[in-house]
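Peer 1: Below are the structure tokens for one structure; questions will follow.
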Amino acid sequence: MSWKATILTLFPEMFPGPLGQSLAGKALEKGLWRCETRDLRPFGLGRHKSVDDTPFGGGAGMVMRPDVIDTALDSAAGAEDVPVVYLTPRGRPLTQPDIRRYVAGAGVTLLCGRYEGVDERVLQARAVEQVSIGDYVLSGGEPAALILLDACIRLLPGVMGSAESGEEESFSDGLLEYPHYTRPAEWQGRTVPEVLLSGNHAAIAAWRREQSETATRDRRPDLWAAYSARLNRNTTAGSPAAFRY
Ligand code: JFB
């Protein structure tokens, strides 16, 4: 059975969305992954199929009811033994190791909230993983779910072809990527760094490493600190650079 994404959402028509195109779309057609949505609306209560209610303690907005989400998750229980992930600005940051872990399993169940989010109790009761895609505010979990899935799908066996097979890029050694150049060698008066035309592969590798380090130091002090700490640990211990992120 292929890798399966089960998505609980009030907006099932948002899926596969952009993942029906390009690399992910081809993979979907080839059956390398499946995209199954569960509309939350039919699990709503009363004549209006309400999925939300006012927050205890007061405040703005509405909160998605735990009973409604619980029943919806039961119905997705066919997605046996896969992690249930709730995309939320309160979550811990989603990282590439998370993505690799999801890809290693049979799939994921993604809970997409709207309004102010989901009642905390159902998240605790069902051991739901809470993750965030970044420090900015979305209107709901669906775009975050699409991003999580995009990151997973490109790592699935057979999706990418061995040339760029997924993991040889940003973050794989904890540094940002070096910059890329292609033809023409001169464009609008801008040239390509000499070393890249030299054919000297050792010099090219050294230049790329330096570019990666400079970009990481300037743009991502958080990654740089982690990388530096690791380097120090490995050099003071006398161990070679056998580390893989
Ligand atoms: C995810 C969401 C909302 C509370 C709720 C459901 N990085 C991220 N930013 N925003 C979200 C996210 C992730 N992952 C996100 C799910 C929901 C936002 N909202 C709206 C906004 C602010 N506070 C509802």
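The values are calculated or read from the model by the stated rules, or taken from the named source; none is laboratory data. Every value quoted in this text rests on a predicted model; they were computed, and no experiment measured them. Cβ: placed from backbone, ideal geometry, glycine included. Neighbour counts: every protein chain shown.
Peer 1: Being modelled with pLDDT of 95 or more, near the ligand (Cβ under 8 Å from one of its atoms) and on the phi > 0 side of the Ramachandran plot is true for just one of 91, 107, 117. Which residue is that? Full working, then the answer.
Peer 2: Working: 91 fails: on the phi > 0 side of the Ramachandran plot; 107 fails: near the ligand (Cβ under 8 Å from one of its atoms).
Matching residue, one of 91, 107, 117: 117.
Peer 1: Look through 149, 156 and report the one residue that is more than 16 Å from the ligand (Cβ to nearest atom), touching a residue at least 24 places away in the same chain (Cβ under 8 Å) and buried (at least 16 other Cβ atoms within 10 Å of the Cβ). So that I can check it myself, show each step before the final result.
Peer 2: Details: 149 fails: more than 16 Å from the ligand (Cβ to nearest atom).
One residue alone meets the criteria, 156.
Peer 1: On to the next question. Can you name the residue in the range 120-146 that is within 12 Å of residue 84 (Cα to Cα) and not small (Gly, Ala, Ser) and, of all such residues, is nearest to the ligand (Cβ to nearest atom)?
Peer 2: 131
Peer 1: Here is a follow-up. Picking from 8, 45, 28, 19, which residue would you name as being farther than 18 Å from residue 160 by Cα and either surrounded by 15 or more Cβ atoms within 10 Å (Cβ to Cβ) or within 23 Å of the chain's Cα centre (by Cα) (or both)?
Peer 2: Values: 45 fails: either surrounded by 15 or more Cβ atoms within 10 Å (Cβ to Cβ) or within 23 Å of the chain's Cα centre (by Cα) (or both); 28 fails: farther than 18 Å from residue 160 by Cα; 19 fails: farther than 18 Å from residue 160 by Cα.
Just a single option satisfies the conditions, and that option is 8.
Residue-wise test of (1) on the phi > 0 side of the Ramachandran plot; (2) assigned by TED's automatic domain parsing to the domain that holds residue 133; (3) surrounded by 15 or more Cβ atoms within 10 Å (Cβ to Cβ); (4) hydrophobic (A, V, I, L, M, F, W, C).
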| site | (1), (2), (3), (4) |
| --- | --- |
| 24 | no, yes, yes, yes |
| 51 | no, yes, yes, yes |
| 76 | no, yes, yes, yes |
| 83 | no, yes, yes, no |
| 95 | no, yes, no, no |
| 101 | no, yes, no, no |
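Peer 1: Let me ask you something else. If we scan the range 100-114, do we find a residue that is more than 21 Å from residue 60 (Cβ to Cβ), among the aromatic types (Phe, Trp, Tyr) and not in a strand (DSSP E or B)?
Peer 2: First pass over the range 100-114, keeping only residues more than 21 Å from residue 60 (Cβ to Cβ): 100-111.
Still in the running and among the aromatic types (Phe, Trp, Tyr): 102.
Filter once more, keeping what is not in a strand (DSSP E or B): 102.
Yes: the range 100-114 contains one or more residues that are more than 21 Å from residue 60 (Cβ to Cβ), among the aromatic types (Phe, Trp, Tyr) and not in a strand (DSSP E or B).
Peer 1: In addition: Would you be able to tell me the number of residues in the range 58-74 that are more than 15 Å from the ligand (Cβ to nearest atom) and either more than 22 Å from residue 36 (Cα to Cα) or not assigned by TED's automatic domain parsing to the domain that holds residue 36 (or both)?
Peer 2: The number of residues fulfilling the criteria is 1.
Peer 1: Give all pairs with beta carbons closer than 6 Å in which a residue from the range 122-145 that is assigned to a loop (DSSP other than H, G, I, E, B) meets a residue that is aromatic (Phe, Trp, Tyr); count only pairs at least 6 apart in sequence or on separate chains.
Peer 2: 128/86
Peer 1: Is there any pair linking a residue in the range 171-194 that is outside any loop (DSSP other than H, G, I, E, B) to one that is surrounded by 13 or more Cβ atoms within 10 Å (Cβ to Cβ), with Cβ under 9 Å and at least six apart or on different chains, and which?
Peer 2: These pairs meet every condition: 186/192.
Peer 1: How about the range 118-142: which of its residues are surrounded by 16 or more Cβ atoms within 10 Å (Cβ to Cβ), under 13 Å from the mean Cα position of the chain (by Cα) and of a type outside the set (Val, Ile, Thr)?
Peer 2: 130, 132, 141, 142
Peer 1: Now a separate question. Just checking, does the range 55-65 include any residue being at pLDDT 95 or above, under 15 Å from residue 141 (Cα atoms) and assigned to a strand (DSSP E or B)?
Peer 2: Checking the range 55-65: at least one residue is at pLDDT 95 or above, under 15 Å from residue 141 (Cα atoms) and assigned to a strand (DSSP E or B).
Peer 1: So which residues in the range 75-88 are more than 9 Å from the ligand (Cβ to nearest atom) and part of a strand (DSSP E or B)? Explain how you work it out, then say what you get.
Peer 2: Narrowing the range 75-88 to residues more than 9 Å from the ligand (Cβ to nearest atom): 75-85.
Those that are more than 9 Å from the ligand (Cβ to nearest atom) and part of a strand (DSSP E or B): 84, 85.
Peer 1: Looking at (1) within 11 Å of the ligand (Cβ to nearest atom); (2) at pLDDT below 95, can you tell me which one residue 165 breaks?
Peer 2: Failed condition: (1).
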